Amino acid sequence: MKKAFIMLPLAVACASQFAMAATTDSQRLAQLEQELDMLKEASSYDSLSDRMSINGFFTGKVGIASNDAGYNGYDKDADFSEGSKLGLQGSFALTEQTKIVAQLVARGSDDWATEMEWAFLSHDFDNGFVTRIGRLRVPLYMYSDYLEVGFAQPWANPPSELYSIVPLSSFDGIDAIYDFDLADVSVTLQASYGHADRDTGPKLGEVDYKDILGASASFSYEEWVFRTTYYQTTLDTTKDGQITQFFDDEQSYFAGVGLSYDDGSLLAISEFAVSDVEGDYSDTQSGYITLGYRISDFTPYVTYAFLETTDDSERNPAYKPSFDWKRNAYSIGTRYDISSNLALKADVTYATDFGDTSGGLEPNLDGAQNQINDDTLVYTLSFDAVF
Amino acid sequence: MKLLAKVALAAALISGVAQAGVVVIANPNGPDALSKAQVSKLYLGKSKKLPNGAKARVIEQATGSFIRGEFHASVTGKSDSQLQAYWSRLVFTGKGKPPKTIGSASLIKSQVASHANAIAYIDSSEVDDSVKVVFTP
């Protein structure tokens with residue numbers, strides 16, 4: 001009772017004071033909040049959160065094919081793991097100009113085993129020159145640098161006629177990048193040197209890519225990007241697969257050109273490449289053209305791609321079934337941007353014109369090394385996110 | 001006198017409404033003017049420096065906000081999802097990271113007012129003499 005008497009006048013006093021001062025107090029409060037935000041903002045600028053960043057990407061993909069030819073790894077049974085992946089990238093700035101970047105990727109096709117895709121120390125000389133050392137991407141194609149990041153690509157799958165001819169996505173070594181402007185053209189020059197060891201599968205076993213050396217140049221002007229690249233390496237079998245010592249210090253070359261146009265609505269990308277390996281392994285020429293058009297959140301596209309080997313006549317007949325390739329592929333699909341960091345892509349690809357080859361698809365040979373299917377139809381649905 | 005003030009105020013309001021739109025701002029000690037190409041390059045990370053050679057501190061508005069859509073539609077020509085795809089190409093190659101995002105115009109102004117190399121965009125109605133307009137798309 002006593003308490004209530006004491007509390008009541010207090011409450012009344014408080015209430016009246018509140019009522020009178022409501023506007024000025026709320027204004028003051030808003031001002032204080034803003035100042036607090038400013039302080040937080042100011043203190044966070046050079047703090048850990050500003051020097052370190054973590055980004056990720058995810059692709060959830062399902063594919064099914066009309067037969068077991070194995071295009072993009074798909075057969076008659078719906079497959080959710082081939083092509084699905086999760087990546088995490090951390091970037092830590094040591095100084096204003098030096099940073100460490102590492103990217104871990106877990107792929108469904110490898111049972112979600114985690115692999116270090118990138119890990120490098122980069123130094124920016126602040127005059128356009130950047131040098132990087134560690135595990136780096138082999139920059140063979142226009143989309144090589146973000147091959148894993150489905151969200152950054154217009155397609156459900158990059159055209160495998162071109163993107164799968166060199167089964168190497170990263171190497172250990174050093175590179176130098178030089179960015180500069182030539183009038184209105186932004187130029188990027190890149191040169192790399194290093195080596196890589198890869199398990200290429202049951203047929204060829206483990207292969208050492210020695211002395212990987214090459215360069216690329218990219219020119220962007222308004223909506224256009226032109227890119228050209230040349231790389232070479234020496235291939236050496238380090239652990240035999242089904243074929244014994246297939247590579248014995250064999251020289252190989254890769255040269256490619258690409259052109260893209262993107263004005264925000266119309267999208268056109270085309271690349272062409274030739275590869276040449278001494279000995280019986282496939283020498284190839286391949287390319288593709290993609291045309292797309294953005295209509296609000298949809299980007300429908302069509303792609304024509306081709307792949308053929310150019311050294312069939314020189315090949316040891318025993319290796320012809322494995323390394324004579326011929327294939328055309330026609331794709332139609334669309335990207336749908338569900339939100340600003342999530343996209344859904346649907347794609348139908350028809351691969352045909354294999355001639356009497358496997359079409360470059362390893363599962364498409366029977367026990368007698370003869371072609372099984374002379375075409376295949378593949379349906380893919382892919383969710384791609386970045387975060 | 002009162003009437004005159006009212007007329008002036010009304011005129012200011014009308015002109016303010018008529019002109020309301022996005023403007024690019026800088027610190028009073030920063031660059032005097034930037035071209036559309038320069039602003040676009042700064043916001044796409046293609047150039048990292050201001051015309052005077054200082055490292056630019058570029059500030060973005062929040063993803064999905066109306067003003068961000070309006071700014072990019074007229075300067076870089078990219079939608080939010082195109083920007084996201086664009087930056088993911090740079091982020092996941094370790095080549096760059098998107099500009100810092102600040103969600104309120106008053107905070108943006110205070111950042112620009114206190115950093116000589118800051119570049120930002122706000123609605124023209126928010127402009128005061130703590131910052132200066134360097135480009136109007």
Query - Around A:Tyr379: net Lys/Arg minus Asp/Glu count, Cβ-Cβ under 15 Å - result: -4
Requested in this report: Calculate the spin-label point distance for A:Ser66 paired with A:Tyr350, positioning each point 7 Å from the Cα along the beta-carbon direction, and give it in nanometres.
Outcome: 0.7
Query raised in the report: What is the range A:204-309's relative contact order, in percent, from Cα pairs under 8 angstrom and six or more apart in sequence?
Result: 19
Report summary line: Output field shielding_mean for A:147-154 (other chain Cβ, 10 Å radius) holds 4
Requested in this report: Using just the helices of chain A, give the 222 nm mean residue ellipticity in deg cm²/dmol: DSSP H runs with n ≥ 4 each add -39,500 (n - 2.57), and the total is spread over all residues, rounded to 500.
Outcome: -4500 deg cm²/dmol
Report summary line: 1/(1 + (r/R0)^6) with r = Cβ-Cβ of A:Thr114 and A:Lys76, R0 = 35 Å, i.e. FRET efficiency to nearest 0.05, evaluates to 0.70
**Report entry** Overall Cα dimensions of chain A, principal axis frame, Å, largest first
**Finding:** 106, 48, 43
Report summary line: For the range A:273-363, the Cα gyration tensor yields equivalent-ellipsoid semi-axes (√(5λ), largest first, whole Å) of 35, 12, 11
Report summary line: Sorted by accessible surface (1.4 Å probe, heavy atoms of the protein chains only), largest first, A:Thr303, B:Thr136 come out as B:Thr136, A:Thr303
Requested in this report: Let me know the mean shielding of B:106-112 by other chains, meaning the per-residue number of their Cβ atoms within 10 Å of its Cβ.
Outcome: 3
Query raised in the report: By how many degrees, between 0 and 90 and to the nearest 10, does the Cα long axis of helix A:2-44 differ from the longest principal axis of chain A?
Result: 40
Report summary line: Accessible-area loss of at least 50 Å² in the complex relative to the chain alone (1.4 Å probe) applies, within the range B:45-89, to B:Arg57, B:Ser81, B:Gln82, B:Gln84, B:Arg89
Requested in this report: State which helices in chain B qualify, where a helix is a whole DSSP H run, it must extend 18 Å or more along its own axis by its Cα atoms, and its mean Kyte-Doolittle hydropathy must be at least -0.5.
Outcome: B:2-19
Report summary line: Expressed as a percent, the accessible surface of chain A that is carbon or sulfur, using a 1.4 Å probe and the full set of protein chains, is 60
Report task. Go through the range A:316-341 and flag every residue whose accessible area shrinks by 30 Å² or more with all protein chains in place compared to the isolated chain (probe 1.4 Å). Result -> A:Ser340
Query - Under 14 Å, Cβ to Cβ, from A:Phe219 - net charge with Lys/Arg +1 and Asp/Glu -1 - result: -3
Query - Simple label model, 7 Å out from Cα along Cβ direction - A:Gln232 to A:Gln285, nm - result: 2.1
Query raised in the report: Scattering from the C-alpha atoms of the range A:48-175 alone, worked out with Debye: what is log10 I(q)/I(0) at q = 0.09, 0.12, 0.17, 0.18 1/Å?
Result: -0.32, -0.54, -0.98, -1.07
Requested in this report: Once you've got the GNM for chain B with C-alpha springs shorter than 10 Å, pick whichever of B:Leu90, B:Leu34, B:Leu42 has the biggest mean-square fluctuation.
Outcome: B:Leu90
Report task. For chain B, list log₁₀ I(q)/I(0) at each q in 0.20 Å⁻¹, using the Debye formula over Cα point scatterers of equal strength and ignoring solvent, two decimals each. Result -> -1.19
Query - Chains A and B together, accessible area buried on both sides, 1.4 angstrom probe, square angstrom - result: 2700
Query raised in the report: Which GluC sites (Glu not before Pro) in the range A:93-183 pass both tests, a DSSP loop state and at most 11 other beta-carbon atoms within 10 Å?
Result: A:Glu96
Report task. Would you mind getting me the FRET efficiency between A:Leu29 and A:Ser296? Use the beta-carbon distance for r and R0 = 51 Å, nearest 0.05. Result -> 0.75
Query raised in the report: Which whole-number percent gives the relative contact order of the range A:52-386, counting Cα pairs below 8 Å spaced six or more residues apart?
Result: 15
Query raised in the report: Counting each DSSP H run of 4 or more residues in chain B as -39500 (n - 2.57), what helix-only mean residue ellipticity at 222 nm follows after dividing by all residues, to the nearest 500 deg cm²/dmol?
Result: -12500 deg cm²/dmol
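The values are calculated or read from the model by the stated rules, or taken from the named source; none is laboratory data. If you're wondering where the values come from, they're calculated on a predicted model, not measured in any experiment. Reconstructed Cβ throughout: ideal geometry from the backbone, glycine too, with neighbour counts over all protein chains shown. Just the protein is used for accessible areas: all its heavy atoms, side chains included, with ligands, DNA and RNA removed. Shrake-Rupley method; radii C 1.70, N 1.55, O 1.52, S 1.80 Å.
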